[in-house]
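Quick note: the coordinates plus some simple rules give every number you see, no bench work behind them. Please read these numbers as outputs of a predicted model, since none were measured by experiment. Note: ideal-geometry Cβ built from the backbone for every residue, glycine included; neighbour counts use all protein chains shown.
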Amino acid sequence: MFKWMLAAIIFVPAIEIFGFQFVADRVGGMNTLLLTLLTSAVGVAMMRFEGRKAMEDAKQRMNTGMVPGASMADGLCIFAGGVLLILPGFVTDMIGFTLIFPLTRPLYRMLLLKWMKKNMKNGKITIFRR
């Protein structure tokens, strides 16, 4: 886990700096800054809207006695996408938008649920019931 965190701390900023330079060379420095701010604002708005939908779906499932597994996974994807959209950068924005966008989110949800199931079988994740 530590190796992945260290790699992310080193490589993500390097990729984002390259992305900023690439976009700034094409559209100019001020337009690049404005585009970064715009993507963050749109991302926060999308995160709030989609997050509300996911929470309402989870509440509805719990009220009917169903397990809100997919809804909770959607909520995690939306939260992670929102964090990536708030961070400055174009690569993190692209990943964040795919996490929040309803048509691409099921891909991430499937991977997240598969990862959770594997770790629950291995005993790395424990669920306590009342």
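From helices alone, the chain scores -29000 deg cm²/dmol at 222 nm; the rule is -39500 (n - 2.57) for each run of n ≥ 4 DSSP H residues, then divide by the residue total. Rounded to the nearest 20, the size of the Cβ-charge dipole of the range 1-121 about its Cα centre is 620 debye, with Lys and Arg at +1 and Asp and Glu at -1.
For the range 55-130, the relative contact order comes to 22 percent (Cα pairs under 8 Å, sequence separation of at least 6).
Among Ile78, Ile17, Ile100, the largest mean-square fluctuation in a Gaussian network model of the chain, built with springs joining Cα atoms closer than 10 Å, belongs to Ile17. Inter-label distance, Val83 to Ala7: 1.8 nm, where each label sits 7 Å from its Cα along the C-beta direction. Quote to one decimal, in nm, the extra length available between Met55 and Leu34 on full extension: 0.36 nm per residue of separation minus the C-alpha distance between them. Fully extending the segment from Met55 to Leu34 adds 4.4 nm. Between Thr98 and Lys121, how high is the FRET efficiency from 1/(1 + (r/R0)^6) when r is the Cβ-Cβ distance and R₀ = 30 Å? Nearest 0.05. Efficiency for this residue pair is about 0.60. Partners of Lys53 within straight-line reach, counting aspartates and glutamates whose Cα lies under 18 Å from its Cα and excluding those fewer than 8 residues away in the same chain: Asp74. Sorting the segments 115-124, 83-92 by their mean number of nearby beta carbons within 10 angstrom, highest to lowest, gives 83-92, 115-124. Evaluated on the chain, the Kirkwood hydrodynamic radius is 16.6 Å, with distances taken between all distinct Cα atoms. Just want the answer: with Cβ charges of +1 for Lys and Arg and -1 for Asp and Glu, which residue in Ala41, Met62, Gly89 is farthest toward the dipole's positive end in the range 1-121? The listed residue farthest towards the positive side: Met62.
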